[in-house]
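A.B. asks: One structure, as structure tokens, below. Some questions next.
The values are calculated or read from the model by the stated rules, or taken from the named source; none is laboratory data. All values derive from a computational prediction rather than experimental measurement. Reconstructed Cβ throughout: ideal geometry from the backbone, glycine too, with neighbour counts over all protein chains shown. Side chains are part of the model used for accessible areas, which takes the heavy atoms of the whole protein and leaves out ligands, DNA and RNA. Shrake-Rupley method; radii C 1.70, N 1.55, O 1.52, S 1.80 Å.
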Amino acid sequence: MPELPEVETVKRGLQPVMEGATIVAVDQKRADLRFPFPERFAERLTGRHIDALERRAKYLIAHLDNGLSLISHLGMSGSYRIEHEDGGETPGVFHHDRSKSSAHDHVVLHLGTGSGKRRIVYNDPRRFGFMLLAEPGELNTHPLIKDLGTDPTGNRLDGALLARLVASKAAPLKAALLDQKLIAGLGNIYVCEALWRAELLPSRMAGSISGENGTATDMSKRLALAIRSVISEAIKAGGSSLKDYRQADGALGYFQHSFSVYDREGKPCPRAGCHGTVSRIVQSGRSTFYCPVCQH
């Protein structure tokens, strides 16, 4: 499942083409993806001007000129590609082939832009992604959006805020970090990496990193910094590009080469001076990778 850095990378790839463009036509190839498409989906998008494209947690949101918002989620295998109307594809560095079967091109947005016509093609072999519409003025109260927690980019997520968020949580620390109502957009990969950087066990009680009355501690400060840094580095590297994920231009990111513990079970811990071996446990059905020697 693409995580926040992957979705942010896709957003940045699509922004130069989509923002300021007009949706001239929409090809909707089927009635549903993960969820049914909204009624009159293609009709309601046609003719609309795209004012802005943003990311909230793992959702892409296109803001249209009539107040309508298009909410998109990539699911497990969804990807966007940018094509010229003459058939040429926006250049990219293709390290692996990705699905371009027309059977999996479920939505095509035909755009009129200042530099000509473009097609934004949504391809999704497994159809776990989706596209929904939020009515004007209702985006912030939409069921998918209204309960999202703090975004882990920027400086808002600091040790004090993190300590307050988890102060009363008896759940394992990793589970608390994956709670989208607390921190929006974190996923399994980057939580494992952040916990390793902060030298904290994923199985310890979440509230244990908070001080009295939810005050900041050295642990909460270390973890907040680790979360922000690992997310920032992954965005700069273009996302992890695991399995089906692709950037909008087809290029793969390279952050997977920098993983310290994720998917490295049985390998030496890379922390200087640590002689531990990366272990794997299962928490809530998900693999957790950590070092039992330097994480406490």
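A.B. asks: Would you be able to say whether some residue in segment 243-252 is among the hydrophobic types (A, V, I, L, M, F, W, C), touching a strand residue (DSSP E or B) at 6+ places or on another chain (Cβ under 8 Å), assigned to a helix (DSSP H, G or I) and open to solvent by less than 60 Å² (accessible area, probe 1.4 Å)? Let's see the steps before the verdict.
C.D. replies: Filtering segment 243-252 down to residues among the hydrophobic types (A, V, I, L, M, F, W, C) leaves 248, 251-252.
Narrowing the set further to residues that are touching a strand residue (DSSP E or B) at 6+ places or on another chain (Cβ under 8 Å) leaves 248.
In the following step, the residues that additionally are assigned to a helix (DSSP H, G or I) were identified as none.
No; the residues of segment 243-252 include none that is among the hydrophobic types (A, V, I, L, M, F, W, C), touching a strand residue (DSSP E or B) at 6+ places or on another chain (Cβ under 8 Å), assigned to a helix (DSSP H, G or I) and open to solvent by less than 60 Å² (accessible area, probe 1.4 Å).
A.B. asks: Looking for whichever is at pLDDT below 95, among the small types (Gly, Ala, Ser) and part of a loop (DSSP other than H, G, I, E, B) here; the options are GLY75, GLY47, GLY20, GLY13. Which one fits? Explain how you work it out, then say what you get.
C.D. replies: Numbers: GLY47 fails: at pLDDT below 95; GLY20 fails: at pLDDT below 95; GLY13 fails: part of a loop (DSSP other than H, G, I, E, B).
Step by step, each of GLY75, GLY47, GLY20, GLY13 is checked, and only GLY75 is at pLDDT below 95, among the small types (Gly, Ala, Ser) and part of a loop (DSSP other than H, G, I, E, B).
A.B. asks: Given LEU70, LEU60, LEU4, which one is buried (at least 18 other Cβ atoms within 10 Å of the Cβ) and out of contact with any Ser or Thr (no Cβ under 8 Å at 6 or more places or on another chain)? Give the steps one after another, and end with the answer.
C.D. replies: On the way: LEU60 fails: out of contact with any Ser or Thr (no Cβ under 8 Å at 6 or more places or on another chain); LEU4 fails: out of contact with any Ser or Thr (no Cβ under 8 Å at 6 or more places or on another chain).
One residue alone meets the criteria, LEU70.
A.B. asks: Quick check on my filter: what residues within segment 106-121 are more than 18 Å from ARG44 (Cα to Cα) and small (Gly, Ala, Ser)?
C.D. replies: Within segment 106-121, GLY114, SER115, GLY116 qualify.
A.B. asks: Right, here's the next one. What residue, of LEU186, LEU177, is touching a strand residue (DSSP E or B) at 6+ places or on another chain (Cβ under 7 Å) and either open to solvent by less than 40 Å² (accessible area, probe 1.4 Å) or not polar (S, T, N, Q) (or both)? Full working, then the answer.
C.D. replies: Working: LEU186 fails: touching a strand residue (DSSP E or B) at 6+ places or on another chain (Cβ under 7 Å).
The unique qualifying residue is LEU177.
A.B. asks: Let me ask another. For segment 269-296: of the residues being open to solvent by 20 Å² or more (accessible area, probe 1.4 Å) and polar (S, T, N, Q), which is farthest from ARG204 (Cα to Cα)?
C.D. replies: For segment 269-296, the residue satisfying everything is THR277.
A.B. asks: Which ones in segment 31-44 are among the charged types (D, E, K, R) and either in a loop (DSSP other than H, G, I, E, B) or touching a Pro at 6+ places or on another chain (Cβ under 6 Å) (or both)?
C.D. replies: If we filter segment 31-44 for residues that are among the charged types (D, E, K, R), which is where we start, we get 32, 34, 39-40, 43-44.
Result: ARG34, GLU39, ARG40.
A.B. asks: Considering only residues that are more than 24 Å from the chain's Cα centre (by Cα), aliphatic (A, V, I, L, M) and at pLDDT 90 or above, which ones fall in segment 92-111? Walk me through it before giving the result.
C.D. replies: Initial filter on segment 92-111 (more than 24 Å from the chain's Cα centre (by Cα)): 101-103, 110-111.
The next check asks that each one be aliphatic (A, V, I, L, M); those that pass are 103, 111.
The one that is more than 24 Å from the chain's Cα centre (by Cα), aliphatic (A, V, I, L, M) and at pLDDT 90 or above: LEU111.
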